[in-house]
Amino acid sequence: MKSGRLPIYLLSLLFLMVSFGQATASKSEVTIPKAEIAFGYSFINVHPNLSPITSYNINGGCAGVVYNATPLFGVNAEFMDYTGGGGAQLKAHGYNGNVSGNLFTYLFGPQIKKHLGRFQPFVEVLSGGGTQRSLMDRFTTASTAS
């Protein structure tokens, strides 16, 4: 696919979504809530470039809230936390120890949303930061651990 043709497809898709949404919104009155909350779950399978570790899993969750200041404009806040570890595979290769870590992120920003009933297109620009923590016990081989 040529990179120059991608924006045309996206604009066509956006036009269809907005056109369909306006047709459904005109049929009934839409109630706009003052606040909206969302929860989510993430599962990531990581494949590091380390020979003893083939892959390990990271699990995480998120929560977000949007305060709708006007029918079109809102303020969004999202918080995510991920945790995982790869110590089990190292133990299977004869090492004693554990590796684990977590990542916490927080994002804030404006959201523009068209409330059209079941179909609600939105655009948001979020900015924020995060903190991470990694823990690694001292690794020894099984033969030198005694």
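Here, each number is a calculation from the coordinates, and none is a lab measurement. Source: prediction; values computed, not measured. Using ideal geometry, Cβ is built from the backbone for each residue, glycine included, and neighbour counts are taken over all protein chains shown.
Here are some notes:
- The aspartates and glutamates whose alpha-carbon is closer than 18 Å to the alpha-carbon of K114, local same-chain residues fewer than 8 away aside, are E29, E36, E124.
- Charge sum, other residues only, whose C-beta stays under 14 Å from F108's C-beta, Lys/Arg counted +1 and Asp/Glu -1: -2
- Close amide H partners of G101, meaning residues 5 or more places away or on another chain with modelled amide H under 5 Å apart, are G84, L135.
- Taking 0.36 nm per residue of separation and subtracting the current Cα-Cα distance, fully stretching the chain between T131 and L72 would add 18.0 nm.
- Additional length obtainable on full extension of the chain from Y41 to F104, 0.36 nm per residue less Cα span: 21.3 nm
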